[in-house]
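Here's the structure, in structure tokens; my notes come after.
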Amino acid sequence: SAAPAPNAVSPDKDAEMPATEKDLAEDAPWKKIQQNTFTRWCNEHLKCVNKRLGNLQTDLGDGLRLIGLLEVLSQKKMFRKYNQRPTFRQMQLENVSVALEFLDKENIKLVSI
């Protein structure tokens, strides 16, 4: 039997990757599980306002679902007006700012985001 070439790419790169690197990898199984669990939890609450998350990484970007989720969870309305139809990136960022300002006024601290 022939020995593999010294610089050959292993067919199973995960076998050579240290355990800590595997755990931190983008596609680590525990990350997918947590992402799916959190998405389902959000959707359960967003049902009340007829909204839904499909992709956790992109669907909160315009601020509307985030605002909806915060209003459902807190049972309060936003303190400031926000853009109901944010067509431009600036409007989307303003919506996210309104949501973050709401959290600040409610004395909810965000850690590690």
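Under the Karplus relation 6.51 cos²θ - 1.76 cosθ + 1.60, θ = phi - 60°, what is the ordered set of whole-Hz ³J(HN,Hα) values for segment 89-106, x standing for Gly and Pro?
Each residue of segment 89-106 in turn: 4, 4, 5, 5, 5, 4, 4, 5, 5, 4, 5, 5, 5, 4, 4, 4, 5, 8 Hz.
Summing Lys, Arg as +1 and Asp, Glu as -1, what charge do residues with Cβ under 13 Å from the Cβ of TRP30 carry, TRP30 excluded?
Net local charge, TRP30 excluded: 0.
Multiply the residue gap between LYS22 and GLN84 by 0.36 nm, knock off their C-alpha separation, and tell me the result in nm, one decimal place. If you can, show how the numbers build up before the last one.
Working: separation 62, 0.36 × 62 = 22.32 nm, distance 4.09 nm.
Difference between extended and current length: 18.2 nm.
Can you tell me the length gained on complete extension of the stretch VAL49 to SER97, counting 0.36 nm per residue apart and subtracting the Cα distance?
On the way: separation 48, 0.36 × 48 = 17.28 nm, distance 2.03 nm.
Length difference between fully extended and current span is 15.2 nm.
I want the local charge near SER97. Using Cβ-Cβ distances under 13 Å, sum +1 for each Lys or Arg and -1 for each Asp or Glu among the other residues.
It works out to a net charge of 0.
Any idea how many Lys pairs in segment 16-94 come in under 26 angstrom at the alpha carbon, given 8 or more places apart or on separate chains?
Going through segment 16-94 pair by pair, I get 12.
Order of 97-106, 74-83, 60-69, 23-32 by packing, highest average Cβ count within 10 Å first?
Per-residue Cβ counts within 10 Å, averaged per peptide and sorted highest first, yield 60-69, 97-106, 74-83, 23-32.
In terms of modelled amide H atoms, which long-range or inter-chain residues lie less than 5 Å from the amide H of LEU53?
Residues meeting the criterion, in which the H sits 1.01 Å from N, are ASN43.
Since every read-out is calculated from the coordinates, none of them should be taken as a lab result. Since this is a predicted model, take the numbers as computed values, not measurements. Please note: Cβ atoms are built from the backbone with ideal geometry, for glycine as well, and neighbour counts cover all protein chains shown.
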